[in-house]
Amino acid sequence: MSALDPTVEALLKDPSALIPAIAQDATSKEVLMLAYMNSQALALTLSTGKATYWSRSRNELWIKGSTSGHFQEVQSVSLDCDGDAILLIVNQVGAACHTGEKTCFHTPLDRG
């Protein structure tokens with residue numbers, strides 16, 4: 001398992017802490033989804049190259065695509081300037097959304 005950057009380790013001192021992780025398509029630059037990571041999910045993502053998240057609804061680690069086959073092959077991982085969110089640049093295999101849509105952001109809202 002890869003050692004975490006000291007900044008990330010400090011951010012995730014609490015093993016139950018969750019931080020937002022945004023997945024963006026490496027080719028189209030489209031934002032695919034928002035999920036959450038704990039320290040274990042981030043460490044697995046860094047060591048395996050497969051996007052791994054913490055499922056808040058199931059209360060367990062979740063490798064994106066483990067049931068659907070729609071994996072995210074991680075190209076890079078960056079921490080934002082405030083140190084409170086992660087950006088994953090991924091090669092998306094299949095749909096990113098559990099609904100079968102390419103991206104989870106497919107519901108426009110009126111600005112009113």
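A few comments on the model shown:
- Here the condition is being within 23 Å of Ser16 (Cα to Cα), in contact (Cβ under 8 Å) with a residue 40 or more places away in the chain and loosely packed, with under 15 Cβ neighbours inside 10 Å; of Leu44, Leu79, Leu34, Leu88, it holds for Leu34 alone.
- Taken over segment 48-76, the residue count meeting the criterion of being in a strand (DSSP E or B), among the charged types (D, E, K, R) and either modelled with pLDDT of 95 or more or within 16 Å of Ile22 (Cβ to Cβ) (or both) is 2.
- Asn59 satisfies every condition listed in (1) touching a residue at least 60 places away in the same chain (Cβ under 8 Å); (2) on the phi > 0 side of the Ramachandran plot; (3) not hydroxyl-bearing (Ser, Thr, Tyr) except (1).
- The set of residues from segment 66-111 being of a type in the set (Gly, Ala, Ser) and farther than 17 Å from Ala26 by Cα comprises Ser66, Ser68, Gly69, Gly83, Ala85, Gly100.
- Filtered residue count, segment 1-24, keeping only those that are in a loop (DSSP other than H, G, I, E, B) and either among the charged types (D, E, K, R) or modelled with pLDDT of 95 or more (or both): 3
- Residues within segment 77-105 that are part of a loop (DSSP other than H, G, I, E, B) and among the β-branched types (Val, Ile, Thr), tallied: 3
- Residue identified as closer than 21 Å to Lys13 by Cα and at pLDDT 95 or above among Thr27, Thr45: Thr45
The values are calculated or read from the model by the stated rules, or taken from the named source; none is laboratory data. The shown structure was predicted, so the numbers you read here are calculated from the model rather than taken from an experiment. Positions of Cβ are generated from backbone atoms using ideal geometry, with glycine treated the same way; all protein chains shown enter the neighbour counts.
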